[in-house]
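Following: one structure in C-alpha coordinates, then a few remarks.
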Amino acid sequence: MRGRGCRVGRTARKRRQRCENIVQSVSLCHQSQYVRLMRFLHHRGFTSTLLQPALFTDTGRGLQTLKNVKPGQQLISLPESCLLTTSTVLDSYLGQYIKSWTSRLSPLLALCVFLVCERHREEASDWLPYIDVLPTTYTCPCYFADDVMVVLPISVRRRALEQREAVREIHSSNQDFFRSLQPILSQPVEEVLTYEAIRWAWCSVNTRSVFMSHPSNNFLSGQDVYALAPFLDLLNHRPDVQVKANFNDVTRCYEIRSVSGTLCYQQAFINYGSHDNQRLLLEYGFVAPGNPHSVVYVDTDLLCELLRGDKSLDQKLKFLKENKFLHNLTVSSEGPSWRLMTALRLLSLPQTLYQQWKAVLLGQAVCEERERWSVQRAMTLCQRLLQDTHAALEKISHLLQQCDQSVREQLDVVKSLRQEERCILGSCLETLQSSQRQSDNMLSCQPNADAVS
(Lines give C-alpha, C1' and ligand atoms only; values in the text may rest on other atoms or scores of the structure.)
Protein backbone atom coordinates (compact mmCIF):
# COMPACT_ATOMS: atom_id res chain seq x y z
CA MET A 1 0.00 0.00 0.00
CA ARG A 2 1.16 3.55 -0.73
CA GLY A 3 0.66 4.89 2.81
CA ARG A 4 3.24 2.62 4.44
CA GLY A 5 6.24 4.33 2.83
CA CYS A 6 8.50 1.27 3.03
CA ARG A 7 11.69 1.10 0.97
CA VAL A 8 11.62 -1.01 -2.16
CA GLY A 9 14.21 -3.78 -2.18
CA ARG A 10 16.93 -4.19 -4.81
CA THR A 11 15.19 -7.15 -6.46
CA ALA A 12 11.93 -5.21 -6.76
CA ARG A 13 13.74 -2.20 -8.21
CA LYS A 14 15.46 -4.36 -10.83
CA ARG A 15 12.17 -6.06 -11.69
CA ARG A 16 10.47 -2.68 -12.12
CA GLN A 17 13.34 -1.41 -14.28
CA ARG A 18 13.06 -4.47 -16.53
CA CYS A 19 9.33 -3.86 -16.89
CA GLU A 20 9.91 -0.24 -17.85
CA ASN A 21 12.43 -1.31 -20.51
CA ILE A 22 10.12 -3.89 -22.07
CA VAL A 23 8.96 -2.81 -25.52
CA GLN A 24 5.25 -3.36 -26.00
CA SER A 25 3.45 -3.67 -29.31
CA VAL A 26 -0.05 -3.67 -30.75
CA SER A 27 -0.88 -5.31 -34.07
CA LEU A 28 -2.16 -3.03 -36.83
CA CYS A 29 -3.03 -5.76 -39.32
CA HIS A 30 -6.78 -5.56 -38.62
CA GLN A 31 -7.02 -1.82 -39.22
CA SER A 32 -8.83 -1.03 -42.45
CA GLN A 33 -5.95 0.79 -44.22
CA TYR A 34 -3.59 -2.14 -43.65
CA VAL A 35 -6.24 -4.66 -44.74
CA ARG A 36 -6.58 -2.69 -47.99
CA LEU A 37 -2.79 -2.49 -48.37
CA MET A 38 -2.33 -6.24 -47.98
CA ARG A 39 -5.20 -6.95 -50.38
CA PHE A 40 -3.60 -4.54 -52.89
CA LEU A 41 -0.22 -6.30 -52.58
CA HIS A 42 -1.74 -9.81 -52.72
CA HIS A 43 -3.36 -8.91 -56.05
CA ARG A 44 0.14 -8.05 -57.27
CA GLY A 45 1.67 -11.34 -56.15
CA PHE A 46 2.95 -10.62 -52.64
CA THR A 47 2.22 -12.78 -49.62
CA SER A 48 3.71 -12.39 -46.14
CA THR A 49 3.26 -14.92 -43.34
CA LEU A 50 6.38 -13.82 -41.47
CA LEU A 51 5.74 -10.13 -40.75
CA GLN A 52 2.79 -7.99 -39.70
CA PRO A 53 2.44 -4.21 -39.20
CA ALA A 54 2.45 -3.23 -35.54
CA LEU A 55 2.75 -0.18 -33.29
CA PHE A 56 5.74 -0.29 -30.91
CA THR A 57 6.18 1.83 -27.80
CA ASP A 58 9.80 2.71 -28.65
CA THR A 59 9.75 3.39 -32.40
CA GLY A 60 6.12 3.80 -33.39
CA ARG A 61 4.99 1.93 -36.49
CA GLY A 62 7.08 -1.01 -37.69
CA LEU A 63 6.98 -4.68 -38.71
CA GLN A 64 6.69 -7.50 -36.18
CA THR A 65 7.81 -11.09 -36.70
CA LEU A 66 5.19 -13.84 -36.38
CA LYS A 67 7.83 -16.60 -36.21
CA ASN A 68 11.44 -16.91 -35.18
CA VAL A 69 13.69 -15.64 -37.96
CA LYS A 70 16.87 -17.67 -38.27
CA PRO A 71 20.22 -16.13 -39.23
CA GLY A 72 20.40 -15.95 -43.00
CA GLN A 73 16.63 -16.38 -43.42
CA GLN A 74 14.70 -14.21 -45.83
CA LEU A 75 12.61 -11.53 -44.13
CA ILE A 76 10.67 -10.28 -47.13
CA SER A 77 10.48 -10.74 -50.90
CA LEU A 78 8.49 -8.03 -52.64
CA PRO A 79 7.66 -8.66 -56.32
CA GLU A 80 8.64 -6.07 -58.92
CA SER A 81 4.95 -5.52 -59.66
CA CYS A 82 4.56 -4.09 -56.13
CA LEU A 83 7.38 -1.56 -56.53
CA LEU A 84 6.59 2.01 -57.50
CA THR A 85 9.35 3.17 -59.85
CA THR A 86 9.78 5.59 -62.73
CA SER A 87 8.70 2.75 -65.02
CA THR A 88 5.38 2.77 -63.15
CA VAL A 89 5.09 6.51 -63.77
CA LEU A 90 6.06 6.40 -67.44
CA ASP A 91 3.54 3.58 -68.08
CA SER A 92 0.75 5.54 -66.36
CA TYR A 93 -1.49 8.41 -67.51
CA LEU A 94 1.43 10.75 -66.66
CA GLY A 95 3.72 9.06 -69.16
CA GLN A 96 2.56 10.95 -72.26
CA TYR A 97 3.00 14.31 -70.50
CA ILE A 98 6.49 13.47 -69.29
CA LYS A 99 7.60 12.01 -72.63
CA SER A 100 6.34 14.99 -74.62
CA TRP A 101 7.67 17.69 -72.30
CA THR A 102 10.29 20.02 -73.76
CA SER A 103 12.98 19.16 -71.19
CA ARG A 104 13.71 15.98 -69.31
CA LEU A 105 12.45 15.67 -65.75
CA SER A 106 14.51 14.14 -62.96
CA PRO A 107 13.43 10.67 -61.75
CA LEU A 108 12.78 12.20 -58.32
CA LEU A 109 10.43 14.85 -59.73
CA ALA A 110 8.56 12.27 -61.81
CA LEU A 111 7.90 10.16 -58.70
CA CYS A 112 6.90 13.20 -56.66
CA VAL A 113 4.39 14.40 -59.22
CA PHE A 114 2.94 10.89 -59.54
CA LEU A 115 2.44 10.60 -55.76
CA VAL A 116 0.68 13.98 -55.62
CA CYS A 117 -1.55 13.14 -58.58
CA GLU A 118 -2.45 9.72 -57.18
CA ARG A 119 -3.36 11.27 -53.84
CA HIS A 120 -5.50 13.80 -55.70
CA ARG A 121 -7.31 11.05 -57.66
CA GLU A 122 -8.44 9.41 -54.41
CA GLU A 123 -10.66 6.37 -55.14
CA ALA A 124 -9.71 6.47 -58.84
CA SER A 125 -6.07 5.89 -57.90
CA ASP A 126 -4.58 2.43 -58.39
CA TRP A 127 -2.07 3.19 -55.63
CA LEU A 128 -4.51 4.60 -53.07
CA PRO A 129 -4.03 1.68 -50.62
CA TYR A 130 -0.35 2.60 -50.47
CA ILE A 131 -0.93 6.37 -50.39
CA ASP A 132 -3.28 5.89 -47.43
CA VAL A 133 -0.56 4.37 -45.21
CA LEU A 134 2.08 6.96 -46.04
CA PRO A 135 2.67 9.57 -43.32
CA THR A 136 0.72 12.78 -43.87
CA THR A 137 3.62 14.85 -42.54
CA TYR A 138 7.32 14.34 -41.80
CA THR A 139 9.97 15.50 -39.34
CA CYS A 140 12.52 16.17 -42.08
CA PRO A 141 14.19 19.61 -41.91
CA CYS A 142 12.31 20.97 -44.93
CA TYR A 143 9.20 20.80 -42.70
CA PHE A 144 10.85 22.59 -39.79
CA ALA A 145 9.46 25.86 -38.50
CA ASP A 146 11.92 28.74 -38.18
CA ASP A 147 11.98 28.37 -34.37
CA VAL A 148 13.06 24.76 -34.80
CA MET A 149 15.75 25.66 -37.33
CA VAL A 150 17.31 28.01 -34.78
CA VAL A 151 17.96 25.25 -32.21
CA LEU A 152 19.72 22.94 -34.66
CA PRO A 153 23.52 22.57 -34.49
CA ILE A 154 25.00 25.11 -36.90
CA SER A 155 26.30 22.53 -39.40
CA VAL A 156 22.90 20.81 -39.49
CA ARG A 157 21.08 24.14 -39.71
CA ARG A 158 23.04 25.13 -42.79
CA ARG A 159 22.22 21.87 -44.58
CA ALA A 160 18.62 21.97 -43.36
CA LEU A 161 18.12 25.41 -44.89
CA GLU A 162 19.69 24.11 -48.11
CA GLN A 163 17.22 21.21 -48.08
CA ARG A 164 14.27 23.54 -47.60
CA GLU A 165 15.50 25.77 -50.44
CA ALA A 166 16.07 22.76 -52.73
CA VAL A 167 12.44 21.64 -52.31
CA ARG A 168 11.21 25.20 -52.92
CA GLU A 169 13.32 25.33 -56.08
CA ILE A 170 11.84 22.04 -57.34
CA HIS A 171 8.37 23.49 -56.91
CA SER A 172 9.02 26.96 -58.33
CA SER A 173 11.13 25.89 -61.33
CA ASN A 174 8.60 23.36 -62.66
CA GLN A 175 5.46 25.48 -62.76
CA ASP A 176 5.16 25.26 -66.55
CA PHE A 177 5.22 21.47 -66.45
CA PHE A 178 2.70 21.42 -63.63
CA ARG A 179 0.33 23.62 -65.66
CA SER A 180 0.59 21.18 -68.58
CA LEU A 181 -1.04 18.53 -66.33
CA GLN A 182 -4.30 20.47 -65.91
CA PRO A 183 -6.24 18.11 -68.25
CA ILE A 184 -5.79 15.19 -65.83
CA LEU A 185 -6.67 17.14 -62.68
CA SER A 186 -10.19 17.80 -61.38
CA GLN A 187 -9.09 20.98 -59.56
CA PRO A 188 -6.90 23.92 -60.61
CA VAL A 189 -3.28 22.82 -60.78
CA GLU A 190 -2.32 25.57 -58.32
CA GLU A 191 -4.48 23.85 -55.71
CA VAL A 192 -3.07 20.37 -56.33
CA LEU A 193 0.65 20.67 -57.08
CA THR A 194 1.31 23.09 -54.24
CA TYR A 195 4.63 23.56 -52.47
CA GLU A 196 3.23 21.64 -49.48
CA ALA A 197 2.18 18.73 -51.72
CA ILE A 198 5.57 18.56 -53.45
CA ARG A 199 7.31 18.73 -50.07
CA TRP A 200 5.22 15.80 -48.80
CA ALA A 201 5.99 13.75 -51.90
CA TRP A 202 9.70 14.67 -51.82
CA CYS A 203 9.97 13.46 -48.23
CA SER A 204 7.98 10.31 -49.04
CA VAL A 205 10.43 9.38 -51.79
CA ASN A 206 13.59 10.42 -49.95
CA THR A 207 12.78 8.77 -46.64
CA ARG A 208 11.00 5.62 -47.79
CA SER A 209 12.50 4.49 -51.10
CA VAL A 210 15.01 1.66 -51.45
CA PHE A 211 18.05 1.80 -53.69
CA MET A 212 17.39 0.11 -57.04
CA SER A 213 19.32 0.99 -60.15
CA HIS A 214 17.24 1.44 -63.31
CA PRO A 215 18.48 1.62 -66.91
CA SER A 216 18.57 5.08 -68.45
CA ASN A 217 15.86 6.15 -70.88
CA ASN A 218 15.18 8.98 -73.33
CA PHE A 219 12.65 10.76 -71.11
CA LEU A 220 14.33 11.32 -67.74
CA SER A 221 17.68 12.83 -66.83
CA GLY A 222 19.94 11.98 -63.92
CA GLN A 223 20.60 8.90 -61.85
CA ASP A 224 17.49 6.74 -61.49
CA VAL A 225 17.91 4.73 -58.27
CA TYR A 226 14.56 5.08 -56.48
CA ALA A 227 11.95 2.42 -55.78
CA LEU A 228 9.07 2.88 -53.35
CA ALA A 229 8.38 -0.46 -51.69
CA PRO A 230 4.97 -0.74 -49.99
CA PHE A 231 4.91 -2.76 -46.74
CA LEU A 232 8.69 -3.26 -46.89
CA ASP A 233 9.12 0.45 -46.12
CA LEU A 234 7.51 -0.12 -42.71
CA LEU A 235 10.81 -1.67 -41.56
CA ASN A 236 12.64 0.67 -39.20
CA HIS A 237 16.37 1.34 -38.99
CA ARG A 238 18.60 0.13 -36.18
CA PRO A 239 22.36 0.79 -36.40
CA ASP A 240 23.43 -2.54 -34.86
CA VAL A 241 21.32 -4.73 -37.16
CA GLN A 242 22.78 -6.44 -40.22
CA VAL A 243 20.75 -7.38 -43.27
CA LYS A 244 21.39 -8.13 -46.93
CA ALA A 245 19.11 -6.21 -49.28
CA ASN A 246 19.00 -6.19 -53.07
CA PHE A 247 16.82 -6.63 -56.13
CA ASN A 248 17.06 -10.24 -57.31
CA ASP A 249 17.23 -10.27 -61.13
CA VAL A 250 16.27 -13.97 -61.19
CA THR A 251 13.15 -13.85 -58.99
CA ARG A 252 12.39 -10.24 -60.01
CA CYS A 253 11.79 -9.39 -56.35
CA TYR A 254 13.34 -6.96 -53.91
CA GLU A 255 14.61 -9.18 -51.13
CA ILE A 256 15.83 -8.59 -47.59
CA ARG A 257 17.64 -11.33 -45.69
CA SER A 258 18.41 -11.18 -41.96
CA VAL A 259 22.04 -11.79 -41.00
CA SER A 260 21.60 -12.32 -37.25
CA GLY A 261 17.94 -13.39 -37.02
CA THR A 262 15.02 -12.09 -34.92
CA LEU A 263 12.91 -13.69 -32.20
CA CYS A 264 9.18 -14.26 -32.63
CA TYR A 265 6.96 -11.22 -31.92
CA GLN A 266 9.93 -8.87 -31.87
CA GLN A 267 10.33 -5.92 -34.22
CA ALA A 268 12.27 -6.70 -37.39
CA PHE A 269 14.77 -4.01 -38.35
CA ILE A 270 16.92 -3.10 -41.30
CA ASN A 271 20.04 -0.96 -41.51
CA TYR A 272 20.16 2.16 -43.70
CA GLY A 273 23.96 2.29 -43.44
CA SER A 274 26.62 3.53 -41.02
CA HIS A 275 25.03 6.96 -40.63
CA ASP A 276 25.54 9.34 -37.73
CA ASN A 277 22.50 10.97 -36.13
CA GLN A 278 22.94 14.27 -37.95
CA ARG A 279 22.68 12.48 -41.28
CA LEU A 280 19.73 10.38 -40.09
CA LEU A 281 17.91 13.57 -39.07
CA LEU A 282 18.68 15.34 -42.34
CA GLU A 283 17.80 12.46 -44.65
CA TYR A 284 15.16 10.50 -42.73
CA GLY A 285 13.81 12.79 -40.01
CA PHE A 286 14.70 10.71 -36.95
CA VAL A 287 17.53 10.06 -34.48
CA ALA A 288 18.77 6.62 -33.36
CA PRO A 289 19.36 6.50 -29.57
CA GLY A 290 22.81 5.18 -28.64
CA ASN A 291 23.95 5.31 -32.26
CA PRO A 292 27.58 4.02 -32.30
CA HIS A 293 28.26 5.99 -35.49
CA SER A 294 27.27 9.34 -34.01
CA VAL A 295 29.73 12.21 -33.85
CA VAL A 296 29.59 15.97 -33.29
CA TYR A 297 30.91 18.14 -36.10
CA VAL A 298 33.25 21.07 -35.53
CA ASP A 299 32.36 23.96 -37.82
CA THR A 300 35.08 26.06 -39.45
CA ASP A 301 33.48 29.23 -38.05
CA LEU A 302 34.02 27.92 -34.52
CA LEU A 303 37.70 27.25 -35.27
CA CYS A 304 38.06 30.79 -36.60
CA GLU A 305 36.39 32.24 -33.53
CA LEU A 306 38.60 30.21 -31.21
CA LEU A 307 41.84 31.21 -32.97
CA ARG A 308 41.01 34.71 -34.14
CA GLY A 309 44.19 36.14 -32.51
CA ASP A 310 46.47 34.12 -34.84
CA LYS A 311 47.74 36.47 -37.57
CA SER A 312 48.56 33.54 -39.86
CA LEU A 313 45.16 31.88 -39.38
CA ASP A 314 43.90 32.68 -42.90
CA GLN A 315 46.98 31.10 -44.46
CA LYS A 316 46.65 28.00 -42.29
CA LEU A 317 42.96 27.62 -43.09
CA LYS A 318 43.69 28.02 -46.79
CA PHE A 319 46.36 25.32 -46.51
CA LEU A 320 43.97 22.99 -44.67
CA LYS A 321 41.26 23.62 -47.27
CA GLU A 322 43.63 22.95 -50.18
CA ASN A 323 44.55 19.65 -48.55
CA LYS A 324 40.89 18.79 -47.84
CA PHE A 325 41.33 19.00 -44.06
CA LEU A 326 38.60 21.53 -43.25
CA HIS A 327 35.63 19.18 -43.55
CA ASN A 328 34.58 16.18 -41.46
CA LEU A 329 36.28 17.47 -38.31
CA THR A 330 34.50 15.59 -35.53
CA VAL A 331 34.52 14.42 -31.94
CA SER A 332 33.07 11.13 -30.69
CA SER A 333 32.55 9.60 -27.25
CA GLU A 334 36.08 8.20 -27.48
CA GLY A 335 37.65 11.59 -28.18
CA PRO A 336 38.50 13.95 -31.05
CA SER A 337 38.91 12.41 -34.49
CA TRP A 338 42.37 12.02 -36.01
CA ARG A 339 41.45 14.63 -38.62
CA LEU A 340 40.51 17.20 -35.97
CA MET A 341 43.65 16.63 -33.91
CA THR A 342 45.83 16.76 -37.04
CA ALA A 343 44.23 20.06 -38.07
CA LEU A 344 44.77 21.46 -34.56
CA ARG A 345 48.42 20.35 -34.58
CA LEU A 346 48.97 22.23 -37.82
CA LEU A 347 47.18 25.27 -36.40
CA SER A 348 49.58 25.15 -33.43
CA LEU A 349 52.61 25.72 -35.70
CA PRO A 350 54.02 29.19 -36.38
CA GLN A 351 54.25 30.52 -39.92
CA THR A 352 58.06 30.20 -39.70
CA LEU A 353 57.65 26.40 -39.79
CA TYR A 354 55.61 26.45 -43.02
CA GLN A 355 57.92 23.82 -44.54
CA GLN A 356 56.75 21.39 -41.84
CA TRP A 357 53.01 21.86 -42.36
CA LYS A 358 52.66 19.11 -44.94
CA ALA A 359 54.61 16.66 -42.79
CA VAL A 360 52.22 17.25 -39.87
CA LEU A 361 49.21 16.56 -42.12
CA LEU A 362 50.88 13.29 -43.07
CA GLY A 363 51.14 12.29 -39.41
CA GLN A 364 54.45 13.64 -38.15
CA ALA A 365 54.36 14.37 -34.42
CA VAL A 366 54.73 17.83 -32.93
CA CYS A 367 56.66 18.71 -29.78
CA GLU A 368 55.12 18.17 -26.34
CA GLU A 369 54.29 21.85 -25.92
CA ARG A 370 52.37 22.02 -29.23
CA GLU A 371 50.65 18.71 -28.54
CA ARG A 372 49.49 20.10 -25.20
CA TRP A 373 48.23 23.24 -26.98
CA SER A 374 46.29 21.07 -29.46
CA VAL A 375 44.67 19.02 -26.69
CA GLN A 376 43.72 22.17 -24.79
CA ARG A 377 42.12 23.65 -27.91
CA ALA A 378 40.20 20.42 -28.45
CA MET A 379 38.94 20.70 -24.87
CA THR A 380 37.90 24.31 -25.46
CA LEU A 381 36.05 23.28 -28.62
CA CYS A 382 34.14 20.61 -26.67
CA GLN A 383 33.30 23.11 -23.94
CA ARG A 384 32.02 25.65 -26.46
CA LEU A 385 29.95 23.03 -28.26
CA LEU A 386 28.62 21.80 -24.91
CA GLN A 387 27.60 25.34 -23.96
CA ASP A 388 25.76 25.70 -27.27
CA THR A 389 24.04 22.34 -26.71
CA HIS A 390 22.88 23.27 -23.19
CA ALA A 391 21.57 26.62 -24.45
CA ALA A 392 19.70 24.89 -27.29
CA LEU A 393 18.12 22.35 -24.91
CA GLU A 394 16.92 25.17 -22.65
CA LYS A 395 15.43 26.94 -25.66
CA ILE A 396 13.74 23.70 -26.78
CA SER A 397 12.21 23.21 -23.30
CA HIS A 398 10.78 26.72 -23.49
CA LEU A 399 9.40 26.22 -27.00
CA LEU A 400 7.78 22.89 -26.06
CA GLN A 401 5.60 24.71 -23.54
CA GLN A 402 3.95 26.91 -26.16
CA CYS A 403 3.94 25.07 -29.52
CA ASP A 404 1.36 23.08 -31.46
CA GLN A 405 1.58 19.33 -32.10
CA SER A 406 3.37 19.49 -35.47
CA VAL A 407 6.13 21.73 -34.10
CA ARG A 408 6.30 19.57 -30.96
CA GLU A 409 7.17 16.53 -33.07
CA GLN A 410 9.91 18.50 -34.83
CA LEU A 411 11.30 19.77 -31.52
CA ASP A 412 11.27 16.26 -30.02
CA VAL A 413 13.53 15.01 -32.83
CA VAL A 414 15.95 17.93 -32.44
CA LYS A 415 15.87 17.47 -28.66
CA SER A 416 16.90 13.83 -29.10
CA LEU A 417 19.77 14.89 -31.35
CA ARG A 418 20.95 17.53 -28.89
CA GLN A 419 20.74 15.11 -25.95
CA GLU A 420 22.78 12.51 -27.81
CA GLU A 421 25.37 15.15 -28.69
CA ARG A 422 25.49 16.34 -25.07
CA CYS A 423 26.47 12.81 -24.02
CA ILE A 424 29.11 12.58 -26.77
CA LEU A 425 30.66 15.94 -25.87
CA GLY A 426 30.66 15.13 -22.15
CA SER A 427 32.40 11.80 -22.75
CA CYS A 428 34.92 13.38 -25.14
CA LEU A 429 35.73 16.10 -22.62
CA GLU A 430 36.31 13.51 -19.89
CA THR A 431 38.62 11.57 -22.21
CA LEU A 432 40.64 14.69 -23.03
CA GLN A 433 40.88 15.74 -19.38
CA SER A 434 42.06 12.27 -18.39
CA SER A 435 44.64 12.33 -21.18
CA GLN A 436 45.82 15.74 -20.02
CA ARG A 437 46.21 14.52 -16.43
CA GLN A 438 48.22 11.51 -17.55
CA SER A 439 50.45 13.78 -19.62
CA ASP A 440 51.01 16.06 -16.62
CA ASN A 441 52.06 13.09 -14.49
CA MET A 442 54.64 11.85 -16.99
CA LEU A 443 57.43 14.04 -15.66
CA SER A 444 60.19 11.76 -16.86
CA CYS A 445 58.98 11.65 -20.48
CA GLN A 446 61.80 11.81 -23.01
CA PRO A 447 61.44 14.36 -25.86
CA ASN A 448 60.68 13.09 -29.33
CA ALA A 449 63.71 13.82 -31.48
CA ASP A 450 61.61 13.68 -34.68
CA ALA A 451 58.87 15.99 -33.43
CA VAL A 452 58.24 19.37 -35.02
CA SER A 453 59.12 22.03 -32.43
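The values are calculated or read from the model by the stated rules, or taken from the named source; none is laboratory data. As the structure is a computational prediction, the values presented were derived from the model and not from experiment. So basically every Cβ, Gly included, is an ideal-geometry build from the backbone, and we count neighbours across all protein chains shown. Protein only, heavy atoms only, side chains kept; ligands, DNA and RNA dropped before computing areas. Shrake-Rupley method; radii C 1.70, N 1.55, O 1.52, S 1.80 Å.
Of all DSSP bridge pairs formed entirely within the chain, close to 90 percent run antiparallel. The order of the peptides 337-347, 28-38 by mean Cβ neighbours within 10 Å, most packed first, is 337-347, 28-38. Straight-line cross-link reach from LYS321 at under 28 Å between alpha-carbon atoms covers these lysines, not counting any fewer than eight positions away in the same chain: LYS311, LYS358. Sorting 214-220, 154-160 by average packing, meaning the other beta carbons within 10 Å per residue, from highest down gives 154-160, 214-220. When ASP314, ASP233 are compared by accessible area of protein heavy atoms, the largest-first order is ASP314, ASP233, using a 1.4 Å probe.
Just the accessible area for SER204, please: 1.4 Å probe, Å², rounded to the nearest 10? Per-residue accessible area (SER204): approximately 0 Å². Highest mean packing comes first when the peptides 182-194, 125-137 are listed by Cβ atoms within 10 Å, giving 125-137, 182-194. Where only DSSP H runs of four or more residues are counted, the chain gives -14500 deg cm²/dmol as its mean residue ellipticity at 222 nm, each run worth -39500 (n - 2.57). For SER180 and ASP412, a Förster radius of 56 Å and the Cβ-Cβ distance give a FRET efficiency of 0.85, rounded to the nearest 0.05.
Take the Kirkwood radius over Cα pairs of the chain, plug it into Stokes-Einstein at 4 °C and 1.567 mPa s, and you get 51 µm²/s for translational diffusion. If you fit an axis through the alpha-carbon atoms of helix 10-21 and take the longest principal axis of the Cα set of the chain, what angle between them do you get, 0 to 90°, nearest 10? Its long axis makes an angle of about 50 degrees.
When SER312, SER87 are compared by accessible area at a 1.4 angstrom probe, the order from most to least is SER87, SER312. Each part gets one Cα centre, and for segment 277-317 versus segment 174-226 those centres are 33 Å apart. When the residues ILE198, ILE170 are ordered by accessible surface, computed with a 1.4 Å probe over the protein chains alone, the sequence from largest down reads ILE170, ILE198.
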